[in-house]
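Okay, so here's the structure we're looking at.
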Amino acid sequence: MAVVRRRLIVRGIVQGVGFRPHVHQLADELGLAGFVTNTADGVVVEIEGSAADVASFTDALVERAPPLAVIESVEQHEVPATGTGTGSGSGPGSGRFEIRASVAGAAATLVSPDVGTCDACRADVAEAGDRRHGYAFTNCTNCGPRYSIVTTIPYDRANTTMAAFTMCADCRAEYEDVRDRRFHAQPVCCPSCGPRLSTTINEIATAIRDGEIVAVKGLGGYHLAVLASSEPAVARLRARKHREAKPFALMAGDLDAVNGLCVLDDAERELLASPARPIVVLQARADADVATSVAPGLHELAVMLPYTPLHHLLLDAVGEPIVLTSGNVADEPIAYRDDDASTRLTPIADRVLGHDRPIQTRVEDSVVRVVDGAPYPLRRSRGYAPSPISVPWDAPRPVLACGAELKSTIALARDRHVFVSQHLGDLKNHEAYRSFREAIEHVGRLFEIAPAVIAHDLHPDYLSTSYALDLAEELGVESVAVQHHHAHIASCLADNGHEGPVIGVAFDGMGYGADGTAWGGEILVADLASFERVGHLAPVPLPGGDAATDQPWR
């Protein structure tokens, strides 16, 4: 029987999602020889065996891909057979297939976002006889920390904040067993060898039930938790955070608990339980047992489900929904370094539930609303970043887009991928501005994108503008100013894979205009690269410029 060998180059989100174990298991089932490795050109697979088995492998590679994998493309090449293929009918495990060490600089593969706890790991944590019973850091190839712990690529344990935790013999056996759910799960750990909590879940749950404010270290930063039904506790949290009216997010233990608070449709249920586990804005029930201060004057609540074993254990122990809001004072970024959290959160929190796994990247919770049955992101962060937005055209050059100044994110574009960072905050805050600079460096390093052009807002006084201009000069690359409202319309075009032209309506507030005045309420005939202003609100004087937006009495 003729033996063939095929080289496959797989591109997409295939790091940290169990893809290499998936490849190994398929090869093992079919008795095929070869190897899989991460390289600078993507995940490379060489497979050898009978033509029929190699064809079956190629089909199953995509059709049976892990649930978190996103395969953008598979490039195939016939290569000379080495004689190691065993051919059809030799049975599982008979082929000599291996997972080879990753090649440094594997930039063409995409780092996965952090992923909410899967059902299997949730069952492990709940099972009294399981060695991970009650363990707050349980994970597998289908769930757990990714983006928040990775320092560089390729996504191997040595390049994450789990590098300091040496696997015990039991975890190592799971990691090396091709049939195990934790085969090559980089953050795999257990109570014997993994991170540990600073205090017990039960102690913290008792404190929350007693009305105390607790700082909880999660995946991408610290949160502040209080009992959602306690008006005194919520009011005290609001006062200490200096957050006068903005609604707080809630965490409920399961969908039934959410249903007791809010009216849910199928799309909202699906979104709440999705791997991203975002905060979802929902219609509140009139009889919801929630303190008035949670969302004063509103008929909606922002709710999420637990997305780590730590949160599952905490919600189980508390026994009812909690407020879980960003660990910060109003308008500051979320605290994520232990020393910073100690300084900023000590005046707010009565207790702290910490742990000893470092957070590499600050990542706040995503906020999503369902509109006409489809998810509409209000803040794209944990669970989504740094997954790229794919567009149907190639970027002619690598681009860094620095954005505006409020609710900042940055983006790096290469080929047909636009890598959008997590939510960074308002750049006038020192910590947010530092996160902005760090995100540019970190995302660029993860995907090895060196910008040849840097885009910035047209407003000359934005910090993002001055940074972009300074960086462009330092790197010796071109800078491009983009009008604010045109950028909004162009982003809608990109989201929908449309090049234009369109009639775009942007009613998002003030933006620096092409004529040097403040624009707002714009109607533009636009494509991706240009626009014509065909309608707008009548201009009015703004004494003091931007200050008038905060002090309308001017």
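Answer yes or no as to whether Ile279 is in contact (Cβ under 8 Å) with a residue 60 or more places away in the chain, closer than 24 Å to Arg337 by Cβ and within 25 Å of the chain's Cα centre (by Cα).
yes
Taking the range 462-498 as the range and being under 25 Å from Val111 (Cβ atoms), out of contact with any helix residue (DSSP H, G or I) (no Cβ under 9 Å at 6 or more places or on another chain) and assigned to a helix (DSSP H, G or I) as the test, the residues that pass are Ala468, Leu475, Ser491, Ala494, Asp495.
Residues that are in contact (Cβ under 8 Å) with a residue 40 or more places away in the chain, assigned by TED's automatic domain parsing to the domain that holds Leu345 and more than 18 Å from Pro306 (Cα to Cα) do occur in the range 211-219. If you check Ala267, Ala273 for being over 28 Å from Ala128 (Cα atoms) and either at pLDDT below 95 or aliphatic (A, V, I, L, M) (or both), only one passes: Ala267.
Residues of the range 499-554 that are among the hydrophobic types (A, V, I, L, M, F, W, C) and in contact (Cβ under 8 Å) with a residue 40 or more places away in the chain: Ala514, Ala526, Phe531. Scanning the range 328-347 for residues that are more than 20 Å from Leu197 (Cβ to Cβ) and in contact with a Lys or Arg (Cβ under 8 Å, 6 or more places away or on another chain) yields Asn328, Val329, Ala330, Glu332, Pro333, Pro347. For the range 235-268, the set of residues classified as touching a Gly at 6+ places or on another chain (Cβ under 9 Å) and on the phi > 0 side of the Ramachandran plot is empty.
Of all residues in the range 320-350, which are in a loop (DSSP other than H, G, I, E, B) and free of Cβ contacts under 8 Å to residues at least 40 places away in the same chain?
Scanning the range 320-350 gives Arg337, Thr346.
No other residue among Leu315, Leu310, Leu271, Leu224 is part of a helix (DSSP H, G or I), under 30 Å from Thr161 (Cα atoms) and touching a Gly at 6+ places or on another chain (Cβ under 6 Å) apart from Leu315. Among the candidates Pro278, Pro333, the residue that is at pLDDT below 95, in the same structural domain as Ile213 (by TED's automatic domain parsing) and buried (at least 23 other Cβ atoms within 10 Å of the Cβ) is uniquely Pro333. When the range 152-193 is filtered for residues that are crowded, with 17+ Cβ neighbours inside 10 Å, over 24 Å from Ala27 (Cα atoms), in contact (Cβ under 8 Å) with a residue 60 or more places away in the chain and more than 21 Å from the chain's Cα centre (by Cα), only Phe165 remains. Just so you know, in the range 439-468 the residues that are of a type in the set (Val, Ile, Thr) and touching a Lys or Arg at 6+ places or on another chain (Cβ under 9 Å) include one that is farthest from Leu424 (Cα to Cα), and it is Val453. When the test is whether a residue is modelled with pLDDT of 95 or more and either in contact with an Asp or Glu (Cβ under 8 Å, 6 or more places away or on another chain) or part of a loop (DSSP other than H, G, I, E, B) (or both), Ala432 does not pass it.
Looking only at the range 361-384, residues that are crowded, with 17+ Cβ neighbours inside 10 Å and either assigned to a strand (DSSP E or B) or modelled with pLDDT under 95 (or both) come to 6 in all. Look at (1) among the hydrophobic types (A, V, I, L, M, F, W, C); (2) crowded, with 20+ Cβ neighbours inside 10 Å; (3) in contact with a Gly (Cβ under 9 Å, 6 or more places away or on another chain); (4) not in a helix (DSSP H, G or I) and you find that Ala205 fails only one, number (4). Of all residues in the range 237-253, those satisfying the criterion of being loosely packed, with under 15 Cβ neighbours inside 10 Å and either outside the structural domain of Leu345 (by TED's automatic domain parsing) or more than 15 Å from Gly327 (Cα to Cα) (or both) are Glu244, Ala245. Of the residues making up the range 514-553, just one is more than 32 Å from the chain's Cα centre (by Cα), part of a loop (DSSP other than H, G, I, E, B) and within 30 Å of Pro392 (Cβ to Cβ), namely Ala514.
Here Ser464 fits the description: crowded, with 19+ Cβ neighbours inside 10 Å and assigned by TED's automatic domain parsing to the domain that holds Leu528. On the stretch given as the range 439-461, residues that are touching a residue at least 24 places away in the same chain (Cβ under 8 Å) and either assigned to a helix (DSSP H, G or I) or closer than 19 Å to Val111 by Cβ (or both) total 12.
The values are calculated or read from the model by the stated rules, or taken from the named source; none is laboratory data. Please read these numbers as outputs of a predicted model, since none were measured by experiment. We place every Cβ from the backbone using ideal geometry, glycine too, and count neighbours over all the protein chains shown.
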